[in-house]
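Written below as structure tokens is the structure these notes are about.
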Amino acid sequence: VQLQASGGGLVQAGGYLRLSCAASGRTFRTYAMGWFRQAPGKEREFVAAIRWIGGNTYYADSVKGRFTISRDNAKNTVYLQMNSLKPEDTAVYYCAVSQDFSGTYYSEYEYSYWGQGTLVTVSS
């Protein structure tokens with residue numbers, strides 16, 4: 001499975017961005033896709049995830065109410081709409097595929113494939 005993330009950039013605080021992540025290859029065992037982020041000097045952390053069948057969504061507390069994850073099954077693409085961005089949202093954002101049917105999807109260890117990352121910078 002190959003993942004191509006896009007949509008990062010520089011935005012002012014309070015602004016918005018929409019990230020996209022397209023999956024290709026052997027995607028038939030995709031049970032969920034997620035977004036993680038890693039800020040400079042910090043560990044990678046969970047942001048949001050969505051089950052491929054059913055569309056259940058999961059969010060980190062820090063982004064609830066501001067970020068929305070969605071997917072287009074026909075395009076094998078997941079999106080992350082990020083509104084009301086804050087400087088602390090600055091990070092490299094990674095998309096990932098989970099082939100774990102019964103996962104909770106909060107842990108990076110539940111994901112088998114990762115995209116290359118896209119940088120989001122929020123200025124104050």
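The values are calculated or read from the model by the stated rules, or taken from the named source; none is laboratory data. Note that this is a predicted model, so its numbers are computed, not measured. Don't worry about glycine lacking a Cβ; one is built from the backbone with ideal geometry, like all the others, and counts go over all protein chains shown. We work out accessible area using only protein heavy atoms, side chains counted, and drop any ligands, DNA or RNA first. Shrake-Rupley method; radii C 1.70, N 1.55, O 1.52, S 1.80 Å.
Some points to look at:
- Looking only at the stretch 12-28, and only at residues there that are open to solvent by 20 Å² or more (accessible area, probe 1.4 Å) and either in contact with a Ser or Thr (Cβ under 9 Å, 6 or more places away or on another chain) or among the small types (Gly, Ala, Ser) (or both), the one that is farthest from Tyr105 (Cα to Cα): Gln12
- Meets criteria (among the polar types (S, T, N, Q), buried (at least 20 other Cβ atoms within 10 Å of the Cβ) and in a loop (DSSP other than H, G, I, E, B)) for Thr104: no
- For Thr104, the stated conditions hold: it is modelled with pLDDT under 95 and of a type in the set (Ser, Thr, Tyr).
- Strands (runs of 3 or more DSSP E) lying entirely in the stretch 2-63 (those with 1 or more residues that are in contact with a Cys (Cβ under 9 Å, 6 or more places away or on another chain)): 2-6, 17-24, 32-38
- Test: Leu80 is surrounded by fewer than 19 Cβ atoms within 10 Å (Cβ to Cβ) and touching a residue at least 40 places away in the same chain (Cβ under 8 Å): no
- Residue match in the stretch 16-37 (condition: more than 10 Å from Val97 (Cα to Cα), among the hydroxyl-bearing types (Ser, Thr, Tyr) and modelled with pLDDT of 95 or more): yes
- Scan of the stretch 1-59 for residues that are of a type in the set (Lys, Arg), within 13 Å of Asn76 (Cα to Cα) and in contact with a strand residue (DSSP E or B) (Cβ under 9 Å, 6 or more places away or on another chain), ordered by number: Arg29, Arg51
- As for the stretch 48-56, it holds no residue that is among the charged types (D, E, K, R) and either within 20 Å of Ser84 (Cα to Cα) or open to solvent by 70 Å² or more (accessible area, probe 1.4 Å) (or both).
- Count of residues meeting criterion [open to solvent by 50 Å² or more (accessible area, probe 1.4 Å), at pLDDT 95 or above and over 13 Å from the mean Cα position of the chain (by Cα)] in the stretch 65-77: 1
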